[in-house]
Amino acid sequence: MPRESVYLKACRHDGFCRQVLAHELWHYIAHSDATVSYAYADENTHIPIPMDPEKQANTFAAELLAPALEVRHLSYAKICKQYGVTRKTAYVQSRSGSVRFKQTREHPHKKKKRSS
């Protein structure tokens, strides 16, 4: 029996396949031949996290499919079902949404005003 394509599985709401497509979409949108070369650097080469194309693509895929600020109060099972992502992505997004939400409400570098 032939293997089903990632695209067809994604159309059937397979979370992993949906993430693969979103991940690859980021590479298509954001990376030129010059910047995507970081993905193929020598294993001893240090790539700063913000420049790591794989990290960028994973973050984009997770945010596209299950925005952290929308899922921060949902259970992993509900995130998986409602947003069609894997449990790992549900876990990461639910936790990162809480952190991001706190940071937007109280900026860590902003000094608090003293009361007179």
Expected output for the stretch 81-92 (first residue within 15 Å of LEU69 (Cα to Cα), partner buried (at least 17 other Cβ atoms within 10 Å of the Cβ), Cβ below 6 Å, 6+ apart or cross-chain) is TYR83/LEU65; TYR83/ALA66; THR89/ALA62; ALA90/TYR76; ALA90/ILE79; ALA90/CYS80; TYR91/TYR76
Taking the stretch 19-31 and keeping residues over 12 Å from ASN58 (Cα atoms) and in a helix (DSSP H, G or I) leaves TYR28, ILE29, ALA30
Any hit, the stretch 54-72, residues being modelled with pLDDT of 75 or more, surrounded by fewer than 17 Cβ atoms within 10 Å (Cβ to Cβ), of a type in the set (D, E, K, R) and over 22 Å from LYS9 (Cβ atoms): yes
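The values are calculated or read from the model by the stated rules, or taken from the named source; none is laboratory data. All values reported here derive from a predicted model rather than from experimental measurement. No Cβ is skipped: glycine too gets one built from the backbone with ideal geometry, and neighbour counts run over all protein chains shown.
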